[in-house]
Amino acid sequence: MAEAIQKKLQAELEKYKQMQKDVSKSMAARQKLEAQLTENNIVKEELDLLDSQNTVYKLIGPVLVKQDADEAKATVAKRLEYINGEIQRYETLLKDMENKSEAHREVLSSLQQEYQRAQGRTPGKV
């Protein structure tokens with residue numbers, strides 16, 4: 001009986017560890033998006049300061065290419081919209097993962113208590 005519970009406990013623990021790795025990866029991706037958002041907001045602020053006489057260049061590989069200011073503003077606006085959408089997606093994903101993680105913690109706790117009872121010990125707090 002205790003061996004079966006122990007195997008089940010190990011399997012749940014592995015699932016929990018994998019979920020924590022996934023949460024960590026998602027957090028890193030979200031942080032990267034936050035950095036991109038900040039960078040693009042700075043670019044947008046700089047583009048807003050330009051008047052019609054200023055020239056805008058876009059870096060394509062090792063070459064600077066002349067670009068229309070309105071086109072550059074539109075590109076940055078689209079990029080900001082995309083990044084904000086991705087951040088929202090990761091927020092939803094992280095909330096969902098946190099809920100699943102909490103459920104795994106509860107299952108692990110109950111399995112650990114069950115395992116301790118099966119071994120004849122009194123269950124303790126996890």
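Out of all the residues in region 80-90, is one or more farther than 30 Å from A28 by Cβ, not polar (S, T, N, Q) and not in a loop (DSSP other than H, G, I, E, B)? I'd like the intermediate steps shown before the answer.
Of all residues in region 80-90, those farther than 30 Å from A28 by Cβ come to none.
Looking through region 80-90, none of the residues is farther than 30 Å from A28 by Cβ, not polar (S, T, N, Q) and not in a loop (DSSP other than H, G, I, E, B).
Residues in region 41-67 that are open to solvent by 90 Å² or more (accessible area, probe 1.4 Å) and not aromatic (F, W, Y): I42, E45, E46, L49, S52, Q53, L59, I60, P62, L64, K66. When E86 is tested against the conditions (1) open to solvent by less than 70 Å² (accessible area, probe 1.4 Å); (2) modelled with pLDDT under 90, the lone failure is (2).
Given the condition open to solvent by less than 100 Å² (accessible area, probe 1.4 Å) and more than 30 Å from V107 (Cβ to Cβ), answer yes or no: does some residue in region 19-33 qualify? Even if it seems obvious, please write down each step before you answer.
Of the residues in region 19-33, the ones open to solvent by less than 100 Å² (accessible area, probe 1.4 Å) are 19-20, 22-24, 26-30, 33.
Applying the additional criterion that residues be more than 30 Å from V107 (Cβ to Cβ) yields 33.
Yes, that holds for at least one residue.
Can A103 be described as in a helix (DSSP H, G or I), over 30 Å from E14 (Cβ atoms), open to solvent by less than 70 Å² (accessible area, probe 1.4 Å) and of a type in the set (G, A, S)? Break it down stepwise before answering.
Details: in a helix (DSSP H, G or I): yes; over 30 Å from E14 (Cβ atoms): no; open to solvent by less than 70 Å² (accessible area, probe 1.4 Å): yes; of a type in the set (G, A, S): yes.
No; evaluated as a whole, the condition is false for this residue.
The residue pairs whose first member lies in region 2-23 and is closer than 18 Å to D96 by Cβ, whose second member is open to solvent by 50 Å² or more (accessible area, probe 1.4 Å) and among the aromatic types (F, W, Y), and whose beta carbons are closer than 9 Å, counting only pairs six or more residues apart or on different chains, do not exist in this structure.
The values are calculated or read from the model by the stated rules, or taken from the named source; none is laboratory data. Quick caveat: nothing in here was measured; it's all calculated off a predicted structure. Ideal geometry is used to build each Cβ from the backbone, glycine not excepted, and the neighbour counts take in all protein chains shown. Side chains are part of the model used for accessible areas, which takes the heavy atoms of the whole protein and leaves out ligands, DNA and RNA. Shrake-Rupley method; radii C 1.70, N 1.55, O 1.52, S 1.80 Å.
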